[in-house]
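To start, the structure itself, in structure tokens.
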Amino acid sequence: VVGGIGYGAYDIYTKRHPIEQKPFDPTKRTVVILGSGWGAVSFLKSINTDDYNVVVVSPRNYFLFTPLLPSCTVGTIELRSIMEPLRFITRHKSRNVKFYESECTDIDPESKTISITDVSDIKGAVSNTTIPYDYLVMAVGADNQTFGMAGVREYACFLKEIWDAQKIRTRLMDCVESAGFASQTPEEVDRLLHMVVVGGGPTGVEYAAELHDFLKDDLEVWYPELADKFRITLVEALPNVLPMFSSQLIQYTESTFKQNKIEVLTKTMVKQVGDKEIKVMDANKELVSIPYGLLVWATGNCPRPLTRKLMARIKEAQTSPRGLLVDDYMRVAGAPDMYAIGDCTFSKYAPTAQVATQQGLYLASVFEHLARIEEGQNKKITPFEYSHQGSLAYIGSDKAIADLPFLNGNVSIGGVATYVFWRSVYISNMFSFRNRFLVVGDWMKSKVFGRDVSR
Ligand code: FAD
Ligand code: MG
Ligand code: MG
Ligand code: MG
Ligand code: MG
């Protein structure tokens, strides 16, 4: 706590503002960063702006702390507590950083320019333009995987962006209030209070866990007549949830879910998505329909349209449909002076914030070396090496699981102590003192007053 306050004070003390920063220098190279997520921000925080002009292009003018997004869907944490305005980050740089709130729609590796479109609803006189780069850093993340299934985009909610969490929270309370509507039929009450999650990866599991907590801590208190009709079902195509965790922790999760009355349907494939029900092929290869009130879709990633467009332009070198191929120095195969980090790449690592952060940090060191080499110094650039710090997931009722690398081996821990550890890890990894302060405040607030159940 003392360290946190100390750091916070230091953080505020060392802040700069655009007016105190060095201006753009036409004699320096310009680095354009696409994105404002984990990869982009990690790179941005570390790149030395004495050496480069930096431009950031992203449709979001903030960074989003995704690990706590599932907590926002039920109101344990408020949305704005896990957002950090990009300008709070860029103000720390020595040179002014240009930020364009816009979407990059095309990249031309030959002329080294990108096309950008303003994402605003109130567009100005200019809303499309092209900008040049000397170096391009792709950190646009990934899209939600739907397997091209009809109905998913229309009826399901994803859980990736802030508006997804907002939509889920509203829809959840809408289901609860509609179930309580005067003379509602019992079948409709059952349907409305059935929360279905598709995908047994960390996002799906953590979301189901948060829903369970919400049911236990709040719904049972405020809606006693409805609480026992509330059901949570998790659908997973593979034989078990959380394939990246040790078998011991998978079992622990599955038994905790059983105790918490979260039904886990493994070896179950979604075949059809409608507005009130999904059709699945169950473990016995039978087609069953599952009525739902709220459907959350968390089945992983696929490349964004921009990434696919770029891959098509340089298709001789880009042979994987799953993401951008990069070498050990994060250079995009087939495109000079272009780098890619995080979920938009196809690499041997899992698509996590942990990987994106390390790659961003590494890439900033590459740029540091490039600048020194240009000055005539003798520097050798070493390839990227990922250092796995462990995997953590929240599984509900104050329990978490963790697989941690330890002395060439691995320790698997689970339970309430792991949860305390989980919280402190997230809190200390939170990007700013301001966010830490807000999240801890939210945790205290929901403990004292209960979660806010207004729609
Ligand atoms: P992102 O962080 O997704 O950032 C992509 C950025 O690109 C965004 O700012 C986006 O607005 C921008 N962008 C999109 N399209 C364009 C465009 N056309 N032009 C310009 N910019 C564009 N990982 C962990 O390690 N631990 C966890 O506990 C964890 N929990 C998670 C929980 C949830 C609910 C989710 C969804 C993910 C979680 N992850 C976790 C995974 C982690 O969030 C991702 O791996 C990470 O965000 C990848 O970073 P990135 O920079 O590649 O992409
Ligand atoms: Mg990013
Ligand atoms: Mg992010
Ligand atoms: Mg705008
Ligand atoms: Mg209603």
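The values are calculated or read from the model by the stated rules, or taken from the named source; none is laboratory data. For clarity, every value in this text was computed on a predicted model and none was experimentally measured. All Cβ positions, glycine included, derive from the backbone under ideal geometry; neighbour counts span all protein chains shown. Ligands, DNA and RNA are stripped out before the accessible areas are found, and what is left, the full protein with its side chains, is counted by its heavy atoms. Shrake-Rupley method; radii C 1.70, N 1.55, O 1.52, S 1.80 Å.
Using the alpha-carbon centroid of each, what span in Å lies between segment 412-446 and segment 57-71?
Here the two parts' Cα centres lie 17 Å apart.
How large is the accessible surface of residue 29 in square angstrom, using a 1.4 angstrom probe and rounding to the nearest 10?
Counting only protein heavy atoms, residue 29 exposes about 100 Å² to solvent.
Can you run the Rg to Rh ratio on segment 116-217? Use alpha carbon positions and the Kirkwood inverse-distance Rh. Don't jump to the answer; show the numbers that get you there.
On the way: Rg = 19.6 Å, Rh = 17.5 Å.
Reported Rg/Rh, Kirkwood definition of Rh: 1.12.
Could you work out how much longer the chain between residue 229 and residue 251 gets when fully extended? Use 0.36 nm per residue separation minus the Cα distance between them, nm to one decimal.
Values: separation 22, 0.36 × 22 = 7.92 nm, distance 2.64 nm.
Full extension of this stretch gives 5.3 nm more.
Please compute the volume of the convex hull spanned by the alpha-carbon atoms of segment 205-276 and report it per residue in Å³. Intermediate results must be reported in sequence, preceding the final value.
Details: hull volume 7.4 nm³, N = 72.
For segment 205-276, the hull spanned by Cα atoms encloses 103 Å³ per residue.
Could I have the simple spin-label model distance between residue 216 and residue 434, label points 7 Å from Cα toward Cβ, reported in nm to one decimal?
It works out to 3.5 nm between the two label points.
Okay, helix-only estimate at 222 nm for the chain: each DSSP H run of n ≥ 4 adds -39500 (n - 2.57), divide by all residues, round to 500 deg cm²/dmol; what do you get?
Helix contribution divided over all residues of the chain: -10000 deg cm²/dmol.
Please report the antiparallel percentage of DSSP beta bridges with both residues in the chain, rounded to the nearest 5. Walk me through the numbers on the way to the answer.
Working: 39 of 72 bridges.
Around 55 percent of the beta bridges assigned by DSSP in the chain are antiparallel ones.
By how many nm would the segment from residue 147 to residue 319 lengthen if fully extended, with 0.36 nm per residue of separation less the alpha-carbon distance?
Values: separation 172, 0.36 × 172 = 61.92 nm, distance 1.97 nm.
Full extension from residue 147 to residue 319 adds 60.0 nm.
For segment 39-100, just the Cα atoms, rotate onto the principal axes and tell me the three extents in Å, largest first.
Here the Cα extents, ordered largest to smallest, are 44, 20, 16 Å.
May I ask you to derive the FRET efficiency for residue 185 and residue 424 from their Cβ-Cβ distance with R0 = 45 Å, giving the value to the nearest 0.05? Intermediate results must be reported in sequence, preceding the final value.
Details: r = 47 Å, r/R0 = 1.04.
The computed FRET efficiency comes out at 0.45.
By DSSP, what percent of the beta bridges with both residues in segment 9-107 are antiparallel, rounded to the nearest 5?
Working: 3 of 14 bridges.
If we restrict to bridges inside segment 9-107, about 20 percent are antiparallel.
Given a Förster radius of 51 Å and the C-beta distance between residue 408 and residue 170 as r, what FRET efficiency does 1/(1 + (r/R0)^6) yield to the nearest 0.05? Display every interim value, and only then the final one.
Numbers: r = 48 Å, r/R0 = 0.94.
Computed FRET efficiency for residue 408 and residue 170: 0.60.
Packing-wise, with mean Cβ within 10 Å as the measure, how do 369-378, 68-77 rank, highest first? Could you put the intermediate results ahead of the total?
Details: 369-378: 11.6, 68-77: 24.9.
Top to bottom by mean Cβ count within 10 Å: 68-77, 369-378.
Can you give the % of DSSP beta bridges in segment 140-293 that are antiparallel, to the nearest 5?
On the way: 9 of 18 bridges.
Counting only bridges with both partners in segment 140-293, antiparallel ones make up about 50 percent.
Sorted by accessible area (1.4 Å probe), largest first, how do 36, 255 line up?
Details: 36 5, 255 55 Å².
In descending accessible area the options line up as 255, 36.
What is the percent of Cα-Cα separations in segment 55-202 that go past 22 Å? Mind dumping the intermediate values first?
Values: 6390 of 10878 pairs.
It works out to 59 percent of all Cα pairs.
Please report, to two decimal places, log10 I(q)/I(0) for the chain at q = 0.08, 0.13 Å⁻¹ as given by the Debye formula with identical point scatterers on the Cα atoms and no solvent.
Debye output, listed in q order: -0.51, -1.29.
State the Cα centre-to-centre distance between segment 148-172 and segment 118-143 in whole Å.
25 Å
Label-point separation (nm) for residue 177 and residue 386, each offset 7 Å from Cα along Cα-to-Cβ?
Distance between the two pseudo-spin positions: 4.4 nm.
Could you name the lysines in cross-link range of residue 93, using Cα to Cα under 22 Å and dropping any fewer than eight places away on the same chain?
Within reach: 15, 22, 28, 45.
Stick to Cα atoms and the Kirkwood definition of Rh, then tell me Rg/Rh for segment 376-438. Walk me through the numbers before you get to the answer.
Values: Rg = 16.9 Å, Rh = 14.2 Å.
Result: Rg/Rh = 1.19.
Give me the percent of the accessible area of the chain that comes from carbon and sulfur atoms, probe 1.4 Å, all protein chains in place. Walk me through the numbers before you get to the answer.
On the way: 12100 of 21930 Å².
That fraction is 55 percent.
Work out how much length residue 337 to residue 417 would gain on full extension: take 0.36 nm times their residue separation and subtract the Cα-Cα distance, in nm to one decimal. Show your work: numbers first, answer last.
On the way: separation 80, 0.36 × 80 = 28.80 nm, distance 4.65 nm.
Full extension from residue 337 to residue 417 adds 24.1 nm.
Considering only C-alpha atoms, what is the centroid distance from segment 295-312 to segment 347-389, in Å?
25 Å
List the pair-distance distribution P(r) of segment 333-380, using every Cα-Cα distance, as the percent of pairs falling in each 10 Å bin from 0 up to the bin containing the longest distance, rounded to whole percents.
Going from the shortest bin to the longest, the percentages are 24, 41, 28, 6.
Expressed as cubic angstrom per residue, what is the convex hull volume of the alpha carbon set of segment 1-134?
On the way: hull volume 19.8 nm³, N = 134.
Cα convex hull per residue, to the nearest whole number: 148 Å³.
How big is the convex hull of the Cα atoms of segment 318-440, per residue, in Å³?
Details: hull volume 20.1 nm³, N = 123.
Taking the convex hull of the Cα positions in segment 318-440, it is 163 Å³ per residue.
Give me Rg/Rg_expected for segment 159-294, where Rg uses Cα atoms only and Rg_expected = 2.2 N^0.38 Å with N residues. Display every interim value, and only then the final one.
Values: Rg = 15.1 Å, N = 136, 2.2 N^0.38 = 14.2 Å.
So the Cα radius of gyration is 1.06 times the expected 2.2 N^0.38 Å.
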